[in-house]
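The values are calculated or read from the model by the stated rules, or taken from the named source; none is laboratory data. This structure is a prediction, so every number in the text was calculated from the model and none was measured. Every residue, glycine among them, receives a Cβ derived from its backbone with ideal geometry; neighbour counts consider all protein chains shown. Surface accessibility is based on the protein's heavy atoms, side chains included, excluding ligands, DNA and RNA. Shrake-Rupley method; radii C 1.70, N 1.55, O 1.52, S 1.80 Å.
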Amino acid sequence: MYTPELGKPGAAAPVSRRGEARAFVAAVAARVAADEFIEPKDWMPEAYRRTLIRQISQHAHSEIVGMLPEGNWISRAPSLRRKAVLLAKVQDEGGHGLYLYCAAETLGASRDEMTEALLAGKAKYSTIFNYPTLTWADIGAIGWLVDGAAIMNQVPLQRTSYGPYARAMVRVCKEESFHQRQGFEIMMAMANGTPEQKEMAQDALNRWWWPSLMMFGPPDADSPNSAQGFRWRIKRDSNDDLRQKFVDITTPQAEFLGLTVPDADLRWDADRGHYDFGAIDWEEFYAVVRGEGPVAKERMEARREAWEDGAWVREAADAYEAKRQARAAA
Amino acid sequence: MPSLPTIQPEDEARADGASHEGVFDAPHVETHAKDLFDYALRLGDDSLILGQRLGEWCGRAPALETELSLANLGLDLIGQATLFLALAGEVEGRGRDADRLAFHRDVLQFRNCLLVEQPNGDFARTIARQFLFSTAQLALFEGLTRSTDPRLAEIAAKAAKEVAYHADIAADWVVRLGDGTEESRRRMLAGLDWCWRFVDELFQVDAVETRLVSTGVAVDRASLRPSFDARVAAVLEEAALPAPVYPRAVVGGRVGHHSEHLGHLLAVMQFLPRTYPDAVW
């Protein structure tokens, strides 16, 4: 899923092209106002194209790396129904990755290039997937909190300015909201279950709460590049606004589950009409962005192994296809 | 001859009220239910164990498309397992549902064939396993759609459509890998070589199935072998691979005598429900 935590629009258009850049911003606004999009064949500034490739490929990588923490529990799902639902969910994420890579390809980036960039550590993915899934409750917590946070980021992106990305988001959002409900249902079963299950549920909330809040990205004051994203309509809401919305919606859900949000400063502010919440440990966030998350090495190793171990299969498929075409032409 | 107690009028009255089925009928009914239970377990366990194996591919597949396709197959198989095991539990009548049967039996009680429990190995071995199993399973399910047991027929009708796709996609990969590069050909041969010894078991007919075949409930697996052999031969030829030479068969899965691999698979699969037997998930 895409989160703005790593967002960083490319370099601003050079001075000599400022007029063009301004014209493009106006064109974007006009398209959006007319319920239309920028399409692959349309002219676009290089910075817009590069920023989108960065954003969409990060989003795609997040879907693919995001399969790993949940895939960790497919073999151990506690019932046949849970196993089928989890397998389907992880498969959905692979599907999201696939059509996001396709959307990025319309901008001239190849899937192999994007994958190589991920494996080389040049391309980022959501920080949240650098945390381990220790118990079955983590599968519930990921659906409830992580997919919940992702939905808040992604719903506005259905109206983003770039057509292929916006259309991919429509499909992604439908499936994500389904995942979020399934996650909450797992949490409900565990929170209402045996004392051991309830303990697992609380522990999962304790571990996933703060990383989930970090998914919305640095505070607005530290996101100087957001303005460009807004002008290009590839960013629709500020990080802090979305984070507040998430806390406001999720806190009553935790109460409903009978679980305690691990934040001593969390309280309802009647004047603001919002929950106040404690300070986020941004040092932790930036460390994970740098690749120092608890299981960052495991995640990258898993992706690298899959890519390298699968090389002979991809080569075989290409070789066979070439032979087939040669035979057809003969 | 020893003297027997006289039959009293009250005995006669009790006899009038007795059931119409007695000791002569009961073994037949019981045997049928036991056979059907066993048969449904065989079908369900085949799907369950192979579905579990395919789930292990998550995050490891050679490309995103294969990742999705392996998950698809796994999902279908878990769905089939759920239906067959639910039927087994119903036939058994001891209150065990599909989950109880999946998560609370040990190796000796599992009835799947040895082929499906074989470790994934590399992609070629997974494909070899899938191709041989799905090809046999498709023929079996097509036959089962005509079972005299409507519950089996209904599950088979739904599953046959899924398995036709599994068999096709696996055959496509056998051809692609067999006729791809030198390396893929070598790996495809090694994958098939691993699996050949388990093929005979797919067509084995024991006393349980003989009885079920006689009442039209089960399909005579032996009768499916010629078309299986023909299909395998055709695909191998297209893949430019040599025809199979079957080694001595390894069997035992249908009576619970498995490979060493199954115990490890079950240890992983069953760990949560076994560790927390009172929990509902």
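State yes or no: is A:Val247 farther than 22 Å from A:His61 by Cα, part of a helix (DSSP H, G or I) and of a type outside the set (Asp, Glu)?
Yes: the conditions hold for A:Val247.
Please verify whether segment B:203-212 includes one or more residues that are within 14 Å of chain A (Cβ to nearest Cβ), touching a residue at least 60 places away in the same chain (Cβ under 8 Å), surrounded by 20 or more Cβ atoms within 10 Å (Cβ to Cβ) and not in a loop (DSSP other than H, G, I, E, B).
No, segment B:203-212 contains no residue that is within 14 Å of chain A (Cβ to nearest Cβ), touching a residue at least 60 places away in the same chain (Cβ under 8 Å), surrounded by 20 or more Cβ atoms within 10 Å (Cβ to Cβ) and not in a loop (DSSP other than H, G, I, E, B).
Report, ordered by the first and then the second residue, all pairs with beta carbons closer than 6 Å, sequence separation of six or more or different chains, a first member in segment B:34-57 that is more than 15 Å from B:Leu152 (Cα to Cα), and a second member that is at pLDDT 95 or above and of a type in the set (Asp, Glu).
B:Ile49/B:Glu117
Go through (1) touching a helix residue (DSSP H, G or I) at 6+ places or on another chain (Cβ under 7 Å); (2) part of a helix (DSSP H, G or I); (3) open to solvent by 10 Å² or more (accessible area, probe 1.4 Å) one by one and return the number of the condition B:Pro119 breaks.
Looking at each condition in turn, B:Pro119 falls short on (2).
For segment B:135-153, give me the residue count where each residue is in contact (Cβ under 8 Å) with a residue 40 or more places away in the chain, over 15 Å from B:Leu212 (Cβ atoms) and touching an Asp or Glu at 6+ places or on another chain (Cβ under 9 Å).
1
Evaluate the following for B:Glu56: is it open to solvent by less than 30 Å² (accessible area, probe 1.4 Å) and either within 13 Å of chain A (Cβ to nearest Cβ) or touching a strand residue (DSSP E or B) at 6+ places or on another chain (Cβ under 7 Å) (or both)?
Taking the combined requirement at face value, the residue does not satisfy it.
Quick one: would you say A:Ser79 is within 25 Å of the chain's Cα centre (by Cα) and either open to solvent by 10 Å² or more (accessible area, probe 1.4 Å) or more than 14 Å from every other protein chain (Cβ to nearest Cβ) (or both)?
Judged against the criteria, A:Ser79 is not a match.
Only one of these conditions is not met by B:Ala124: (1) in contact with a Leu (Cβ under 6 Å, 6 or more places away or on another chain); (2) under 20 Å from B:Glu67 (Cα atoms); (3) surrounded by fewer than 22 Cβ atoms within 10 Å (Cβ to Cβ). Which number is it?
So the condition that B:Ala124 fails would be (3).
Residues B:Arg146, B:Arg129, B:Arg151, B:Arg111: which one is more than 20 Å from B:Gly178 (Cα to Cα), of a type in the set (Lys, Arg) and part of a helix (DSSP H, G or I)?
Every option except B:Arg151 fails the conditions.
Checking A:Leu134 against (1) open to solvent by 10 Å² or more (accessible area, probe 1.4 Å); (2) modelled with pLDDT under 95, which test does it fail?
(2)
Report yes if B:Ser227 is away from chain A (no Cβ under 14 Å), of a type in the set (Gly, Ala, Ser) and open to solvent by 60 Å² or more (accessible area, probe 1.4 Å), otherwise no.
Yes; evaluated as a whole, the condition is true for this residue.
Could you list all residues from segment A:117-130 that are open to solvent by less than 30 Å² (accessible area, probe 1.4 Å) and either within 18 Å of A:Met215 (Cβ to Cβ) or in a loop (DSSP other than H, G, I, E, B) (or both)?
A:Ala123, A:Tyr125, A:Ser126, A:Thr127, A:Ile128, A:Phe129, A:Asn130
The rows are residues; the columns are (1) under 22 Å from A:Arg324 (Cα atoms); (2) away from every other protein chain (no Cβ under 14 Å); (3) buried (at least 21 other Cβ atoms within 10 Å of the Cβ).
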{"residue": "B:Thr145", "(1), (2), (3)": "no, yes, no"}
{"residue": "B:Thr148", "(1), (2), (3)": "no, yes, no"}
{"residue": "B:Val163", "(1), (2), (3)": "no, yes, yes"}
{"residue": "B:Ile169", "(1), (2), (3)": "yes, no, no"}
{"residue": "B:Arg176", "(1), (2), (3)": "yes, no, yes"}
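Name the single residue that is nearest to the chain's Cα centre (by Cα) among those in segment B:67-76 being within 7 Å of chain A (Cβ to nearest Cβ) and surrounded by 23 or more Cβ atoms within 10 Å (Cβ to Cβ).
Among them, the one singled out is B:Gly74.
What is the number of the single condition among (1) touching a residue at least 40 places away in the same chain (Cβ under 8 Å); (2) surrounded by fewer than 18 Cβ atoms within 10 Å (Cβ to Cβ); (3) within 14 Å of another protein chain (Cβ to nearest Cβ) that B:Asp278 does not meet?
(1)
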